[in-house]
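Everything on this sheet refers to the single structure shown next.
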Amino acid sequence: MQGTDRRLMFHGMCLFVLGLITGFAEQHFANVRMGLAAHLEGVMNGIFLLALGAAWNEVKLPIGAMKIAFCAVLYGTYVNWFFTLLAAILDRKSTRLNSS
């Protein structure tokens, strides 16, 4: 998997920038606190991908497991940011079922 480390770093920078853009738009979300959470998710997950990209050559896994790990990491970081952003836009608060 040649160049996987550079692709992880590229996606890390993309997610970092998405997190920064989310921070600029934070005050316009229906749920401002979730907007802050989405901003932090984007920035921190972007930095995580950058760090993982820097250490990726040291990971010793079979090729199949390496591909699965790569896809799982990208999926997890982007989806984490996206659904937090979606919660900020839609202002969905957790609801508890009332048994009484």
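Structure values in brief
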| quantity | calculated |
| --- | --- |
| Residue that is surrounded by the most Cβ atoms within 10 Å (Cβ to Cβ), among those in segment 35-52 that are aliphatic (A, V, I, L, M) and under 10 Å from the mean Cα position of the chain (by Cα) | A38 |
| Subset of segment 12-34 that is within 10 Å of I89 (Cβ to Cβ) and touching a residue at least 24 places away in the same chain (Cβ under 8 Å) - its residue that is surrounded by the fewest Cβ atoms within 10 Å (Cβ to Cβ) | A30 |
| Single unsatisfied condition, A30 versus (1) more than 24 Å from F70 (Cα to Cα); (2) in a helix (DSSP H, G or I) | (2) |
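No value in this document is a laboratory result; all are computed from the given coordinates. Computed from a predicted structure; not experimentally measured. FYI the Cβ positions are ideal-geometry reconstructions off the backbone, even for glycines, and counts take in every protein chain you see.
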